[in-house]
1. (1) free of Cβ contacts under 8 Å to residues at least 60 places away in the same chain; (2) within 11 Å of the ligand (Cβ to nearest atom): which one isn't true of Ala72, the others all being true?
2. Quickly run through segment 146-159 and pick out the residues that are open to solvent by 30 Å² or more (accessible area, probe 1.4 Å) and more than 12 Å from the ligand (Cβ to nearest atom).
3. Would you confirm, using the coordinates I've provided, whether Ile2 is touching a residue at least 12 places away in the same chain (Cβ under 8 Å), more than 19 Å from Val274 (Cα to Cα) and of a type in the set (Val, Ile, Thr)?
4. Give me the residue from segment 91-128 that is of a type in the set (D, E, K, R) and over 25 Å from Cys200 (Cβ atoms) and, out of that set, nearest to the chain's Cα centre (by Cα).
5. Collect the residues in segment 75-98 that are among the basic types (Lys, Arg) and away from the ligand (no atom under 14 Å from the Cβ), keeping them in residue-number order.
6. Answer yes or no as to whether Gly107 is under 18 Å from Leu198 (Cβ atoms) and away from the ligand (no atom under 16 Å from the Cβ).
7. When you scan segment 103-145, how many residues do you find that are exposed (fewer than 15 other Cβ atoms within 10 Å of the Cβ) and modelled with pLDDT of 90 or more?
8. With the checklist (1) in a loop (DSSP other than H, G, I, E, B); (2) surrounded by 17 or more Cβ atoms within 10 Å (Cβ to Cβ) in hand, flag the one item Val179 doesn't pass.
Amino acid sequence: MIGVFDSGFGGLTVLSSLLERLPQYDYLYLADNARAPYGARSFDVIHQFTKEAVDHLFRQGCQVVILACNTASARALRTLQIQWLPHAWPDRRILGVVRPSVEALAGLPPGSIPGETPASAVSGRLAVVATTGTVASDSFRLELQKFAPGLDLRQQACPLWVPLVENGEIEGTGAEFYVRKYLAPLFDTESPPTRLLLGCTHYPLLLPLIRKFVPPGTEILSQGPLVAERFADWITRHPEFSDRLGTGQMRIWQTTDDSTWFSRQAGALINVPVTATQVRLCQID
Ligand code: DGL
């Protein structure tokens, strides 16, 4: 199976693009709703929660896990890949969403290599909205600067957007107030961004509201389609993984919180029937 992990409902926006682009594979979606949101938690806590989730997915038989969560990708991916995976699960892979998103934000083709891509290829006034943890990690700026040193990236933390989505408040005056509040610093200026990345997988679920406050000259990038496209490219370049993936179109849904609630909310958000089970993640060292 392909494991897709998020702290909550946001990763469904990536999963639904994967199901469209690569429907043949088996998928296990895991949401750690009981401990969401991750966004404002410390580095150590996000790292530990992410490790427990990925370990769980590997134990269920996932060969590759996509962290469909920017906060986990920014805070935990590299250390898990370098310090944990080689001895704990040497034949499995963990992929994140930051690098492919930065390629798209910079207007570069998939698989672009820093140093081989001229900095002049990166164009536009670029901005990202993300959780407090992702912005604090500076991961998007650091990745972008590998391609274009010195290029400015405007970053805006939107701490209340994930709680809005987790509570099903994706429309109405309350949600609208907080969407406008966090976009205003980026757009109430004379030179607004030309490209805006939604750097949290929950945010596309607020897209109708976000569009209301973003001028038509700004391109909005959601991560689902671009991550699915780049994963499709990765899987064709790694037959040793594609050969191990089931192709029975199995869909498994797991949550650490109440499964009836999750099934109802998730099904409504991505418009597919969802029957989830509740799981408990084991503490690991
Ligand atoms: N979907 C997660 C992300 O992409 C949200 C993190 C959170 O739980 O705050 O960052």
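1. It is condition (1) that Ala72 fails.
2. Lys146, Pro149, Gly150, Leu151, Asp152, Arg154, Gln155, Gln156
3. Considered against the rule, which asks whether it is touching a residue at least 12 places away in the same chain (Cβ under 8 Å), more than 19 Å from Val274 (Cα to Cα) and of a type in the set (Val, Ile, Thr), Ile2 comes out as no.
4. Here the answer is Arg92.
5. Scanning segment 75-98 gives Arg78, Arg92, Arg93.
6. Criteria met by Gly107.
7. Adding up the residues that qualify gives 2.
8. (1)
The values are calculated or read from the model by the stated rules, or taken from the named source; none is laboratory data. What you are looking at is a predicted structure, and each value in this text was computed from that prediction instead of being measured. Every residue, glycine among them, receives a Cβ derived from its backbone with ideal geometry; neighbour counts consider all protein chains shown. Surface accessibility is based on the protein's heavy atoms, side chains included, excluding ligands, DNA and RNA. Shrake-Rupley method; radii C 1.70, N 1.55, O 1.52, S 1.80 Å.
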